[in-house]
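The values are calculated or read from the model by the stated rules, or taken from the named source; none is laboratory data. Keep in mind it's a predicted model, so treat the numbers as computed, not measured. Virtual Cβ from ideal backbone geometry, glycine too; neighbours counted across all protein chains shown. Ligands, DNA and RNA are stripped out before the accessible areas are found, and what is left, the full protein with its side chains, is counted by its heavy atoms. Shrake-Rupley method; radii C 1.70, N 1.55, O 1.52, S 1.80 Å.
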Amino acid sequence: MTEHETILVERPADRVALIRLNRPKALNALNLRVMAELTEAATALDRDPSVGAIVITGSDRTFAAGADIKEMKDQSFDEVLAADWFAGWDALARVRTPLVAAVAGYALGGGCELAMMCDILVAADTASFGQPEITLGVLPGMGGSQRLTRAIGKAKAMDLCLTGRRIDAHEAERCGLVSRVVPADTLLDEALEIARTVAGMATPAAILAKEAVNRAFETTLSEGILFERRVFHATFATREQKEGMAAFVEKRPARFHD
Ligand code: CAA
């Protein structure tokens, strides 16, 4: 697999890939190199039919402490506009393989935004989340004002974006930002187990379920319901629908990946 400077890519289990952010001295700050390497790696794994789920994680201390402030601080408006700073992250949102974020420690600014680009967000009880950009004289720039508001509603999103305060894993779970909170020492095992479960499901159904849930953020309820019904119909063209339903009736486990 390609050598990277800022991430580590592993295949810890059948059909599961793991991407670790690896800039410990900078608390995994997301510089342009991280953006390029992470999106390239995730896109390549997305194209690999032997990968059914991808876990993205950081270290025990930090998921990611945000975009790299040292890299950004002297940029001019012309430069960030011309480079369309952060637009490269959209490639991660286009990944169709389910993404599991395993978050311990700080998930701040771009780190929180990266976690929110994932589909299932598992937090260690040590995790903290926040959008502190306002304290730097800016605002979220990797989707935070939009994804956070959709995830937790206007009241909480305004609180976090306007005060820059951090919330712990339990508050994040209570307000709907986080899928599950687990003890820190089990975080990676739990995230990998979730990834193994998802990766063991019927691939077309997983891709379509992810698309359908994400469609809820993009469209009206009636359009979303129609989209869901049509992709539900479409699953009847798959081998996996025949296998999954036959296995239920025959009282045996479904064999989706034999
Ligand atoms: N960018 C660049 N470097 C960072 C960084 C960041 N976002 N966060 C931490 N670092 C660096 C520090 O500068 C420090 O480096 P040096 O040893 O060279 O000084 C090293 O990581 C360790 O950091 P601290 O000494 O600050 O560690 P701490 O334990 O005292 O504090 C922290 C941890 C609370 C996370 C603190 O580092 C912090 O507040 N970081 C910045 C958080 C932030 O504001 N994030 C938003 C960035 S802007 C953004 O993300 C825009 C967007 O929407 C995409």
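Within the range 55-67, the set of residues being assigned to a strand (DSSP E or B) and not small (Gly, Ala, Ser) comprises VAL55, ILE56, THR57, THR62, PHE63. Of the residues making up the range 60-71, those that are within 12 Å of the ligand (Cβ to nearest atom) and surrounded by fewer than 20 Cβ atoms within 10 Å (Cβ to Cβ) are ARG61, ILE69, LYS70, GLU71.
Of everything in the range 246-258, what is assigned to a loop (DSSP other than H, G, I, E, B) and open to solvent by 100 Å² or more (accessible area, probe 1.4 Å)? Give them in sequence order.
Those that are assigned to a loop (DSSP other than H, G, I, E, B) and open to solvent by 100 Å² or more (accessible area, probe 1.4 Å): GLU250, LYS251, PRO253, ARG255, ASP258.
Comparison of GLU218, GLU243 shows that the only residue that is surrounded by fewer than 17 Cβ atoms within 10 Å (Cβ to Cβ) and outside any helix (DSSP H, G or I) is GLU218.
Filtering the range 191-213 to residues that are of a type outside the set (Ser, Thr, Tyr), touching a residue at least 40 places away in the same chain (Cβ under 8 Å) and open to solvent by less than 70 Å² (accessible area, probe 1.4 Å) leaves ALA191, LEU192, ILE194, ALA195, VAL198, ALA199, GLY200, ALA202, ALA206, ILE207, LYS210, GLU211. As a summary of the residue check, LYS70 satisfies the conditions (1) in a helix (DSSP H, G or I); (2) closer than 18 Å to CYS112 by Cα; (3) of a type outside the set (Asp, Glu) except for the one numbered (2). A count restricted to the range 129-154 and to residues that are surrounded by 22 or more Cβ atoms within 10 Å (Cβ to Cβ) and not in a helix (DSSP H, G or I) stands at 5. Restricting ALA41, ALA26 to those that are under 28 Å from VAL181 (Cβ atoms), modelled with pLDDT of 95 or more and within 16 Å of the ligand (Cβ to nearest atom) reduces the list to ALA26.
From the list ALA115, ALA101, the one residue that fits, being open to solvent by less than 20 Å² (accessible area, probe 1.4 Å), in a strand (DSSP E or B), out of contact with any Lys or Arg (no Cβ under 6 Å at 6 or more places or on another chain) and among the hydrophobic types (A, V, I, L, M, F, W, C), is ALA101.
On the given criteria, is LEU81 surrounded by fewer than 16 Cβ atoms within 10 Å (Cβ to Cβ) and either touching a His at 6+ places or on another chain (Cβ under 6 Å) or part of a loop (DSSP other than H, G, I, E, B) (or both)? No: the conditions fail for LEU81. Filtering the range 118-128 to residues that are out of contact with any Pro (no Cβ under 9 Å at 6 or more places or on another chain) and either crowded, with 24+ Cβ neighbours inside 10 Å or of a type outside the set (S, T, N, Q) (or both) leaves LEU121, VAL122, ALA123, ALA127.
Within the range 23-54, being in contact with a helix residue (DSSP H, G or I) (Cβ under 9 Å, 6 or more places away or on another chain) and assigned to a loop (DSSP other than H, G, I, E, B) holds for ARG23, LEU27, ASN28, ALA29, ASN31, PRO49, VAL51, GLY52. With the structure loaded, tell me whether ALA107 is closer than 24 Å to ASN22 by Cβ, part of a strand (DSSP E or B), within 19 Å of the chain's Cα centre (by Cα) and away from the ligand (no atom under 13 Å from the Cβ) or whether it fails that test. Spelling it out, it is not the case that ALA107 is closer than 24 Å to ASN22 by Cβ, part of a strand (DSSP E or B), within 19 Å of the chain's Cα centre (by Cα) and away from the ligand (no atom under 13 Å from the Cβ). Selection of the range 169-184 for residues being open to solvent by 30 Å² or more (accessible area, probe 1.4 Å), in a helix (DSSP H, G or I) and touching an Asp or Glu at 6+ places or on another chain (Cβ under 9 Å) yields HIS170, ALA184.
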